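Remarks on the structure that follows.
Just so you know, all these numbers are worked out from the coordinates, no wet-lab data involved. Being a predicted model, the structure only gives us computed values, none of them experimental. Because the Cβ atoms are built from the backbone with ideal geometry, glycine has one as well, and the counts that use them run over all protein chains shown.
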């Protein structure tokens, strides 16, 4: 099903996309490079839904798709997905009369390439496929068309910090990458000093919320030793140590 006033695979007529929205929820989780992370979609309102379709976009610089599964694989013959390119997954499901909605909401498994959070790395987009759910009207049995929203809830087992900062590799010899994540748009200030407090490098720029990476080279940190890097944002601050060593 795609677009307005169309017919689904069961031949049911659906109306215009004007019946409000339908919310999917997922638990927000922080992740680190090399970590396997799962995103389980859940329905906020498990009304009688005859099908859904959506395009899920994820940050291909931070995540690699490993697998997509549904709870009841034996009865999910009408669930389909396709990773059309790294960073974009299309999926849809149509009710065959025997499946519970919660059994065909997928669990998506990623491998993390960089530090980040699901809430800033995954979203529903309408560019390639209209994100729509098709609930039945109880009085008539007809299908409505509702836009799908994705809402992230705080993780129960994760402490979601407002900012994060790290450098990879550490210790390092020539260059290292500063990786930072912020949860709000705004001014980001970075200061690197030596152990005597002398400023050797700084950065100040307005950044959008999410993950960012900056490369530090020998020109930025010419001497060996321990450096202190401080990040100040409107949502928090972080301090880390950078250790530059000689070539082996």
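The simple Förster model, with R0 at 22 Å and r as the Cβ-Cβ distance, assigns residue 207 and residue 113 a FRET efficiency of 0.65. Maximal additional length on extending the residue 240-residue 57 stretch stands at 62.7 nm, based on 0.36 nm per residue less the C-alpha distance.
Modelled spin labels at residue 66 and residue 177, positioned 7 Å past Cα toward Cβ, are 2.0 nm from each other.
From least to most packed, judged by other beta carbons within 10 angstrom and beginning with the fewest, 211, 110, 128 follow the order 128, 211, 110. Packing, as the average of other Cβ atoms within 10 Å across residues, places the peptides 58-64, 130-136 in the order 130-136, 58-64, highest first. Between the beta carbons of residue 196 and residue 43, assuming R0 = 51 Å, the FRET efficiency works out to 0.35 to the nearest 0.05.
Note on residue 226 and residue 128: the model spin-label points, each 7 Å out from Cα along the C-beta direction, lie 4.8 nm apart. Based on C-alpha pairs under 8 angstrom that are at least 6 apart in sequence, segment 163-244 has a relative contact order of 36 percent.
Extending 7 Å from the Cα toward the beta-carbon at both residue 153 and residue 84 defines two label points whose distance is 3.1 nm. With neighbour counts taken as other beta-carbon atoms within 10 Å, the residues 121, 235 rank, fewest first, as 235, 121.
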